[in-house]
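Novice: Would you mind keeping the following structure in view while I ask a few things?
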Amino acid sequence: MPSAPEAAARLRVSLTSPSEAVTLCAVAGEVDFYTADLFRDRLIGSLSAAAPMVVIDLSQVTFFGVAGLHVLIEARTWAEHTDRRVRLVTGPRCVDRLLAVAGDVVAFDTATNLAEAVLDAA
């Protein structure tokens with residue numbers, strides 16, 4: 001199993017607050033079994049101070065596995081319990097395909113681009 005530095009080399013997760021209404025979690029790289037803990041730690045760790053809308057930008061993801069889907073479900077569940085909303089920015093085939101296969105079980109609020117996701121939150 002890769003070490004934390006190796007996982008960090010394969011996955012970048014950055015958190016910003018473009019407005020008081022939005023917390024943005026931008027994800028780039030591979031989200032798989034080996035990097036899911038890093039993704040979970042950064043995302044879930046930020047939710048306690050998050051804005052009412054949490055936008056998770058997956059547009060720069062190059063691989064998205066079931067472990068990443070579990071993190072998204074966990075984040076959405078946590079957000080719902082704290083009266084926050086989660087919106088995903090999708091686009092890469094690996095993300096869209098997994099969300100489509102999961103179907104109604106994991107139906108997320110999605111946007112096709114970051115501008116749409118952030119503007120709709122305002």
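Novice: Is there a quick way to get the dipole size of segment 41-122? I mean about its Cα centre, with the Cβ of Lys and Arg at +1 and of Asp and Glu at -1; what is the value in debye to the nearest 20? Display every interim value, and only then the final one.
Specialist: On the way: 7 positive and 10 negative charges, 31 e Å.
Result for segment 41-122 is approximately 140 debye, rounded to the nearest 20.
Novice: Using 0.36 nm per residue, how much length does the chain from A115 to D41 gain when fully extended, once their Cα-Cα distance is taken away?
Specialist: 24.1 nm
Novice: Separate question: Can you tell me the orientation of helix 36-46 relative to the chain, as the angle in degrees between its alpha-carbon axis and the longest Cα principal axis, to the nearest 10?
Specialist: Helix 36-46 sits roughly 30 degrees off the main axis of the chain.
Novice: Thinking of segment 12-75 as a set of Cα atoms, what percent of all their pairs are more than 20 Å apart? Don't skip to the answer; put the middle values down first.
Specialist: Working: 382 of 2016 pairs.
Pairs farther apart than 20 Å: 19 percent.
Novice: Around A75, what is the net charge, scoring Lys/Arg as +1 and Asp/Glu as -1 over all other residues with Cβ under 12 Å from its Cβ? Mind dumping the intermediate values first?
Specialist: Working: positive: R40, R42, R76, R84, R85, R87; negative: D41, E74, E80.
Within the 12 Å Cβ shell, the charges total +3.
Novice: Let me ask another. At a 1.4 Å probe radius, carbon and sulfur cover how many percent of the accessible area of the chain?
Specialist: Details: 3570 of 6400 Å².
Roughly 56 percent, rounded to a whole number.
Novice: Enter the accessible area per residue of the chain (Å², integer; probe 1.4 Å; all protein chains in place).
Specialist: 52 Å²
Novice: Which whole-number percentage describes the relative contact order of the chain, with Cα contacts under 8 Å and a sequence gap of 6 or more? Please list the in-between numbers first.
Specialist: Details: 213 pairs, mean separation 29.0, N = 122.
Relative contact order comes out at 24 percent.
Novice: Of all DSSP beta bridges located in segment 16-81, what percent are antiparallel, nearest 5?
Specialist: Details: 2 of 11 bridges.
If we restrict to bridges inside segment 16-81, about 20 percent are antiparallel.
Novice: Given a cut-off of 24 Å, what percent of all Cα-Cα pairs of the chain lie beyond it?
Specialist: 19 percent
Novice: May I ask what percent, to the nearest 5, of DSSP beta bridges between residues of the chain are antiparallel? Walk me through the numbers on the way to the answer.
Specialist: Values: 7 of 24 bridges.
Given both bridge residues lie in the chain, the antiparallel proportion sits at roughly 30 percent.
The values are calculated or read from the model by the stated rules, or taken from the named source; none is laboratory data. The model shown is predicted, which means the values in this text are computed figures rather than measured ones. Note: ideal-geometry Cβ built from the backbone for every residue, glycine included; neighbour counts use all protein chains shown. The protein model used for the area step is the full one, side chains on, heavy atoms only, and it has no ligands, DNA or RNA in it. Shrake-Rupley method; radii C 1.70, N 1.55, O 1.52, S 1.80 Å.
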